[in-house]
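Colleague: I have a structure I would like to understand better, so I am pasting it below and will then ask my questions one at a time.
The values are calculated or read from the model by the stated rules, or taken from the named source; none is laboratory data. Predicted, not measured: the structure shown is a model, and the values here were computed from it. Note that each Cβ is placed from the backbone with ideal geometry, even for glycine, and that neighbours are counted across all protein chains shown. Note: areas computed on protein heavy atoms with side chains; ligands, DNA, RNA excluded. Shrake-Rupley method; radii C 1.70, N 1.55, O 1.52, S 1.80 Å.
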Amino acid sequence: MKTFTKRIVLFFAISFIISCGNADDDVFFGLNTGGEGLGKGKEVDECLGLGEGDLVLSIQEQFTTLPGKVSILFKVSDTDGQPVAGLEADQFTIYEQGINDECFNTISTSESAARISSNAQVFNNNALLVLDLSNSVLSSSLTELKEASLSFVDNVMPTTQEESFKMAIYWFDGEDELHLLNDLTSSKEELTAAINGITEDISNDPSTDLYGAVIKSTDIANELLTASIQGDKIGAASVVIFTDGTDQAARFSQAAAQQKVDDANQNISFFTIGLGGEIDTQVLSDIGKTGSVFATNKEELETTFNDISIKVRERANSFYLFEYCSPKRGGENNLAISVQTGSREGAVQTKFDATGFTGGCE
C-alpha cells in the first residue's frame, strides 16, 4: 500500500471532531452519521475491486480550499460500530477519478503533498465523571472508588495539559442536586487533588438519586457542548456515571432519564459503571448507550474504570483528518479512501469540485 510523505493526524475526544479555517471563513463541522453509516460518503465504485470490507469509513465533513487543497474528516469503525483507533498514514490509500479517467488512480505522493493543515484547530472535548457517593459507597467502597477514579483520570486526561481537553467531576446522593466536586479543568493534578479530598462525611443524604443525576449531568453536558463550539469550533462530550445501586429517591422516573439520554446531542457519549449485586444492569446498559461495564465486587472497580477509560480514548482517536493537494485542475472529481489494518479493510467514496484549482498548494 502506498505510503504518504506525511502523517494523517489523530485528533482528540470522546468524539473528536476538527474545525479547519479556510482562506475566507471558518468552516463549522458537525457529526454526520448518514443513513447507512457512511456519513457524507457512499460505497466505492466496483471498478476499484475493493468489495465489501470489515471496516466502515464514515465521512463527517469535507471541503476544498484554493489553490488546491482537499480536506476530509472521517471516522473509522468496525461493522459492529466499535471505533478503530491509532491508524497510521501508510495504512490508507487515496484514489482520484477525473472526468477523463475510466476508473480511479492512486494519487501521487510527490504531486499531492499529503500533510497536516497549518491552520487546523483541535476541537474542544469535555468529560464529566459522575460518582455515586451515597451511604452504601461511602461506608463500604470509598477507598476503592477513589483509587479507580484516580486511575480513570490518569488514563483519560492527556499526558501534556491541553486546553482543548477538560474534565469535571460531580457526585450525587439522595438530594435533588448534582454536587460539583471539581469544575471543568485541563489540570490532571487538580482533578487528582479533588478525588483525594473525598471523605466519608461528604454526604448528608444516604439515598440515591440516580435518575436525577443522569438528567442533570446530561443537561450540563449539553450546555458545555453549546459553549465549546463558539467561534466555529467543534465540541464533543462524554458522560461517565458510576453507581452501586438503583434509584431510591424516586424523584424522577427511569423513562424521563432515558428520554433525556436518547434526546441528547449526538456528540455526547454516555458510559455507565455499576458495582455489586444491587444494580440493575439493564437500566445501566440503556443509560450507558455508548458503553457499560459492571464490577461484582469493589476489588474489581479499578479494572472496570480502566475498561471505560479505554473506550473513551478509543472513541476519541477513531476520528481522522486527511488533507492533501490535489493534482486535479477543474471539474467534479471522485475521491475514494481505503484503509487496511491486519486482515481488516474498508473504503468509502465521495466527490469534490476542483474548479479554480491551481498549483502552489502547500
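Colleague: Which of the numbered conditions does ASP45 fail, given that it passes all the others? Conditions: (1) loosely packed, with under 15 Cβ neighbours inside 10 Å; (2) among the acidic types (Asp, Glu); (3) at pLDDT 80 or above.
Modeller: In the conditions (1) loosely packed, with under 15 Cβ neighbours inside 10 Å; (2) among the acidic types (Asp, Glu); (3) at pLDDT 80 or above, ASP45 misses (1) alone.
Colleague: Follow-up question, since we're still on this one. Give all pairs with beta carbons closer than 8 Å in which a residue from the range 144-170 that is more than 16 Å from GLU314 (Cα to Cα) and at pLDDT 95 or above meets a residue that is of a type in the set (Gly, Ala, Ser) and part of a helix (DSSP H, G or I); count only pairs at least 6 apart in sequence or on separate chains.
Modeller: Pairs found: SER151/SER309; ILE169/SER149; ILE169/ALA194; TYR170/ALA213; TYR170/SER217.
Colleague: Six or more apart or on different chains, Cβ under 6 Å: which pairs go from a residue in the range 185-199 that's under 16 Å from LEU145 (Cβ atoms) to one that's surrounded by 13 or more Cβ atoms within 10 Å (Cβ to Cβ) and of a type in the set (S, T, N, Q)? Could you list them?
Modeller: LEU191/ASN182; ALA194/ASN182; ILE195/SER149
Colleague: Only one of LEU275, LEU321, LEU301, LEU284 is closer than 22 Å to GLN91 by Cα and surrounded by 17 or more Cβ atoms within 10 Å (Cβ to Cβ). Can you tell me which?
Modeller: None of the others qualify; the one that does is LEU321.
Colleague: Still on this structure: Pull up the range 177-192, narrow it to residues that are assigned to a helix (DSSP H, G or I) and not acidic (Asp, Glu), then point me to the one that is surrounded by the most Cβ atoms within 10 Å (Cβ to Cβ).
Modeller: Within the range 177-192, the match that is surrounded by the most Cβ atoms within 10 Å (Cβ to Cβ) is LEU191.
Colleague: Among the residues of the range 343-356, is there at least one that is at pLDDT below 85, in a strand (DSSP E or B) and either farther than 30 Å from GLU102 by Cα or open to solvent by less than 30 Å² (accessible area, probe 1.4 Å) (or both)?
Modeller: Within the range 343-356, none of the residues are at pLDDT below 85, in a strand (DSSP E or B) and either farther than 30 Å from GLU102 by Cα or open to solvent by less than 30 Å² (accessible area, probe 1.4 Å) (or both).
Colleague: Filter the range 71-108 for residues that are at pLDDT 85 or above, out of contact with any helix residue (DSSP H, G or I) (no Cβ under 8 Å at 6 or more places or on another chain) and among the hydroxyl-bearing types (Ser, Thr, Tyr) and give the result.
Modeller: SER77, THR79, THR93, THR106, listed by residue number.
Colleague: I need the full set of residues from the range 40-91 which are under 18 Å from the mean Cα position of the chain (by Cα), in a loop (DSSP other than H, G, I, E, B) and more than 16 Å from PHE322 (Cβ to Cβ), in order please.
Modeller: Result: THR79, ASP80, GLY81, GLN82.
Colleague: Okay, next question. Does THR218 satisfy the condition of being closer than 25 Å to ASP154 by Cα and either open to solvent by 60 Å² or more (accessible area, probe 1.4 Å) or in contact with a strand residue (DSSP E or B) (Cβ under 6 Å, 6 or more places away or on another chain) (or both)?
Modeller: No, not satisfied.
This table checks each residue for (1) within 23 Å of the chain's Cα centre (by Cα); (2) assigned to a loop (DSSP other than H, G, I, E, B).
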{"site": "ALA194", "(1), (2)": "no, no"}
{"site": "ILE202", "(1), (2)": "no, yes"}
{"site": "ILE220", "(1), (2)": "yes, no"}
{"site": "LEU224", "(1), (2)": "yes, no"}
{"site": "ALA227", "(1), (2)": "yes, no"}
{"site": "ALA236", "(1), (2)": "yes, no"}
{"site": "PHE242", "(1), (2)": "yes, no"}
{"site": "PHE252", "(1), (2)": "no, yes"}
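Colleague: Give just the number: which of (1) among the aliphatic types (A, V, I, L, M); (2) touching a helix residue (DSSP H, G or I) at 6+ places or on another chain (Cβ under 7 Å); (3) under 30 Å from PHE104 (Cβ atoms) does LEU321 not satisfy?
Modeller: (2)
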